[in-house]
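The values are calculated or read from the model by the stated rules, or taken from the named source; none is laboratory data. Everything numeric here is computed off the predicted structure, so don't read it as measured data. As a convention, Cβ positions derive from the backbone with ideal geometry for all residues, glycine included, and neighbour counts pool all protein chains shown.
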Amino acid sequence: MRQELLLEFFSEEIPARFQKKAISDAKDVFSKILADYGAEFSCVETYVSPRRIAIRVSQLADRTKDTREERRGPRISASKNAVEGFLKANGRETADLFEKDGYYYLALDTKGQDITEIMSDIIEDFIAKMPWQKSMRWYVEEEKALSAFWVRPLRSILCIFGGKKIEKYIKSVGITTGNYTFGHRFLAPGRMTISSFNDYLEQLEKNYIILDFFKKREYIDREMTQKAAAIGLHLSIDETLLDEVAGLVEYPFVHIGAIEEKFMSLPSIVLSTSMKVHQKYFTLTYPGAVVAPFFATVTNVPGTDVMHEGLERVLRARLSDAMFFYKEDTDATLEAFAQRLSNVVFHEKLGSMAQKVDRMMSVANTREEHRTIALCKADLMSQMVGEFPELQGLMGEIYAKVQGEDPEVCQAIREHYKPLGANDNLPATKTGARVAFFDKLDTLVGFLGVGIYPTGSKDPFALRRAALCIVRLLCDFGEDLLDGESLTWYVETLMNSYSDQGVALDPETVNEVEKFIVERLKVYMTDRLEIASEVVESVISSFSKVDFDYKLAISKAQRLHELSQLEDFQIVKEAYKRAIGVIGDSDVAEGVLEPFVNPDMQLLKEDVESLQKSTKENFELFVKASKSVLTACDNVLINDPDEGIKTQNLRLLKTYTNLIRENIGEI
C-alpha cells in the first residue's frame, strides 16, 4: 500500500540566508536516502520557514523493495576450504552455488522492510547528510552527550505516515518523533496535533505560519507593491533583500514609513544601501525612479503606532551616521584618500594597494586611463566605504563628480569593478573596460605568479571570476581592449612591474595566466552559451597562441554549434577527416592551384576556389566542396606515383582543410 509521509524538523531560527538553498538540498538528500533504502514513492516536496523544514513524500510504499544480489565467491579452481568458508559466511549450502565467468556465485534474496521499522534510520541519515553552510551541536540531556550537527538546535520532529503518528527515538538529537508541531512564536505559540499534510498546512495558516517560502515571498512583494501604489509610489524591488526578509518572518506584515526630508540630500545609493544593510528596508520611488522620502518594511507581528515610530526612529539614527560619513568624506579629496593606499595590504606576498595602482599605471595609455587608475581605489579609504564595502567604486564615482573630475573618469571609476560575474553588465566606456582589464589581469598575474591557485570549489581570491570577467571583456571589446598589443605583452609588462617592486614571479607565469584565462573561456562557452564541449575544444585548437582571438573564438564556436545541428554537417565532417587522413604527415604547403587533367580533381579545384572567393558564410559551398572531396578520394589516387601530380593533389586538399579549419573549426 502507498501512503503519504509527512516529516517536520522543528528548530530554533534558521538563518534567512540558508533557507532558499535548503529547500532544494533537503529534497535532493531525502530523495536519495529513500532510493538507497529501496523505498518506492512518487515525489518528494520540501518546505523551509524560519523554524522548520517540512518534507512531504507522496505515494510512499509501506515496504521497501525485495532485492536480489549475486554475490561472487572464490574461483572454481579454489580449494574446498575456500568454498566452504564462502558458504559459511553467507549461511548457505553447496546446492545454492552456481557458476559464472569462472567463479562461484550465490543468489542472495533480501525481503523488503516495513518502512515504519526503518524510519528512525532514515531520519538519522537525513540529519547526518543534510548540508548546511554552517551547523552546530548542542548538549543532549537524554544522551549525556553532544548532538549531531544541525543548523540550529532541534526541538521536535513530526512524523506522520498514512495519517498515523510514528514514534521513533532519534538518538543523535535525543528526540522522540510525534504528531505535533507549534505555531507562530508570538501570535500562536501553542502546540498543534497534526494528522496529514493538508491538515498541517491548514493549521499552520490558522496559527500565522506561511510554510511555502516562495508563496510568502510573492505575498510580501504583492503587499508592498500595493501599499506603495496606494500613495502614488513604486517599489524598488531588491531580489536578494526580498529573499532575506521572506526568511526572517513566519507570517509577514508590511508597513510603510517616512524618511525625514533632511536625509534626502544624501545620494540615492547611500540612502538605499543604509536602509537595506542596517534595517532590511525597501526603497520607494516616485515615477521616474527618483527616490521618495518613504520606505517599506516587513515585520513578524502586526504594526502599532509605537512600532511605526520605532521603525522610523532607528532609521533616523542610521541615516544620521550616513550623513556624517558623507560630509567627512566630501570635505577631503580622492587624492588624499589615494595617498593612504600604501597602508592597505593587497596581499602579503604582492604588496600594498598603492603598489597595485602603480602596476596598473604601467600598462595605461591615455590621460583618462591614468587619471582613473590614480583615483579608482581611493574610496576604499573613505568612511562611507568603510561602513558599506559594497559601495566601493560607486562612492568613488560620486566623490569624483563632487570634485569636478572629467565625466568619463567618474564613470570609469565605477565601471572598473565590472563585470562582477557572468550575469553582471559590462563597462559602457572603453576607459572603464580597459582599467577593469588592467585590475583583473594584475590580480591573476600576481596570484598565479606566486603559486596561489584555486583548489576544487575553493577560490578565496576569486581568481576564476577575475578570469571570467577578462574573457567577457575580451569577447565584447575585442581588439579595442588590447589597443594594438597582445595579451602576452600586458602580462609581461605587469610581471616586470612586480619585479621592479621586488616581487619575484615564476618565469612560467605568462603561460599559466593565458592557459587559466582560456580555461575560463571554455567554461563560459559551455555553461553560459550552452555550446557543446567538443565544439569548444575544436574551435580553440584551431587557433595558435600567437593569433588567439577571444571574440572570434566565441563567434566561430557559436557558428560551428549551429552548423553541427544541420543534416549536411556530417558530410563536411567526414570529408574533412578523410582529407586530413590522406594528407597525413605530408609537409606540402598551400600554393597556386594549377588546372587538373583529372575531371574530379578539377571539379574540386573549382569548388575550393569558389570557397576562397566567397564570404565563407555560405555553408552550402562547404557542403558542395566536401562532396567533391569525397568523390575525389573515392575515384582518384591522391598519392600518385608522379611526384608533381601528388604534390598538386595534396596542395588542393591542404587548401580545403585550411579553409575548413579557419572558417568552421577543427571538426
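To keep it simple, each residue is scored yes or no on (1) outside any loop (DSSP other than H, G, I, E, B); (2) closer than 26 Å to residue 543 by Cβ; (3) within 44 Å of the chain's Cα centre (by Cα).
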position	(1), (2), (3)
591	no, yes, no
609	yes, yes, no
612	yes, yes, yes
626	yes, yes, yes
630	yes, no, no
639	no, no, no
646	yes, no, no
651	yes, yes, no
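Total residues in region 493-509 satisfying the condition of being surrounded by fewer than 14 Cβ atoms within 10 Å (Cβ to Cβ) and within 21 Å of residue 544 (Cβ to Cβ): the figure is 1.
Annotation note: Cβ proximity below 6 Å between a residue of region 471-499 that is within 21 Å of residue 509 (Cα to Cα) and a residue that is among the basic types (Lys, Arg) and crowded, with 16+ Cβ neighbours inside 10 Å (sequence gap 6+ or interchain) occurs for 471/520; 494/359; 497/359.
Does region 432-442 include one or more residues that are surrounded by fewer than 17 Cβ atoms within 10 Å (Cβ to Cβ) and within 25 Å of residue 548 (Cβ to Cβ)? No, that holds for no residue. Meeting the requirement of 1 or more residues that are at pLDDT 95 or above and over 22 Å from the mean Cα position of the chain (by Cα), the helices (runs of 4 or more DSSP H) wholly within region 398-478 are 407-415, 430-449. Which residues, counting only those in region 1-16, are modelled with pLDDT under 95 and outside any strand (DSSP E or B)? Matches in region 1-16: 1 only. When the residues of region 1-45 are filtered to those that are among the polar types (S, T, N, Q) and within 20 Å of residue 118 (Cβ to Cβ), which remaining residue is surrounded by the fewest Cβ atoms within 10 Å (Cβ to Cβ)? Selected residue: 42.
Going by what's in this entry, would residue 292 be described as part of a strand (DSSP E or B), in contact (Cβ under 8 Å) with a residue 40 or more places away in the chain and farther than 26 Å from residue 21 by Cα?
So residue 292 fits the description; yes.
Hey, does region 594-609 have a residue that's under 27 Å from residue 563 (Cβ atoms), among the charged types (D, E, K, R) and touching a residue at least 40 places away in the same chain (Cβ under 8 Å)? Among the residues of region 594-609, at least one is under 27 Å from residue 563 (Cβ atoms), among the charged types (D, E, K, R) and touching a residue at least 40 places away in the same chain (Cβ under 8 Å), which makes the answer yes.
For residue 226, the criteria (1) of a type in the set (S, T, N, Q); (2) surrounded by fewer than 16 Cβ atoms within 10 Å (Cβ to Cβ); (3) within 28 Å of residue 21 (Cβ to Cβ) hold in every case but one, which is (3). Just one of the listed residues (360, 395, 381) is within 20 Å of residue 434 (Cβ to Cβ), buried (at least 20 other Cβ atoms within 10 Å of the Cβ) and out of contact with any Gly (no Cβ under 9 Å at 6 or more places or on another chain), and it is 360. Consider region 122-138 and keep the residues that are of a type in the set (D, E, K, R) and touching a helix residue (DSSP H, G or I) at 6+ places or on another chain (Cβ under 9 Å). The one that is surrounded by the most Cβ atoms within 10 Å (Cβ to Cβ) is 125.
Please verify whether residue 89 is exposed (fewer than 14 other Cβ atoms within 10 Å of the Cβ), assigned by TED's automatic domain parsing to the domain that holds residue 38 and outside any loop (DSSP other than H, G, I, E, B), treating the condition exactly as stated.
Answer is no for this residue.
Number of residues in region 525-570 that are in a loop (DSSP other than H, G, I, E, B), modelled with pLDDT of 85 or more and surrounded by 15 or more Cβ atoms within 10 Å (Cβ to Cβ) equals 3. Against the criterion of being crowded, with 17+ Cβ neighbours inside 10 Å, charged (D, E, K, R), more than 32 Å from the chain's Cα centre (by Cα) and within 20 Å of residue 164 (Cα to Cα), residue 117 does not qualify. Taken together, the residues in region 228-266 that are in a loop (DSSP other than H, G, I, E, B) and touching a residue at least 24 places away in the same chain (Cβ under 8 Å) amount to 12. Tell me which residues, restricted to region 139-179, are buried (at least 16 other Cβ atoms within 10 Å of the Cβ), without any contact (Cβ under 8 Å) to a residue 40 or more places away in the chain and touching a Leu at 6+ places or on another chain (Cβ under 8 Å). Within region 139-179, 140, 147, 175, 178, 179 qualify.
Among the criteria (1) within 19 Å of residue 50 (Cα to Cα); (2) over 36 Å from the mean Cα position of the chain (by Cα), the one residue 174 does not fulfil is (1). With the checklist (1) surrounded by fewer than 13 Cβ atoms within 10 Å (Cβ to Cβ); (2) acidic (Asp, Glu); (3) in contact with a Gly (Cβ under 9 Å, 6 or more places away or on another chain) in hand, flag the one item residue 328 doesn't pass. Against the list (1) surrounded by fewer than 13 Cβ atoms within 10 Å (Cβ to Cβ); (2) acidic (Asp, Glu); (3) in contact with a Gly (Cβ under 9 Å, 6 or more places away or on another chain), residue 328 comes up short only on (3).
Among residues belonging to region 497-511 that are outside any helix (DSSP H, G or I) and touching a Gly at 6+ places or on another chain (Cβ under 7 Å), point out the one that is farthest from residue 360 (Cα to Cα).
Checked region 497-511; the qualifying residue farthest from residue 360 (Cα to Cα) is 506.
Looking only at region 543-595, residues that are under 21 Å from residue 530 (Cβ atoms) and among the hydrophobic types (A, V, I, L, M, F, W, C) come to 8 in all. Does region 182-197 contain at least one residue that is assigned by TED's automatic domain parsing to the domain that holds residue 52, within 24 Å of residue 17 (Cβ to Cβ), over 29 Å from the mean Cα position of the chain (by Cα) and in a strand (DSSP E or B)? Yes - at least one qualifying residue is present in region 182-197.
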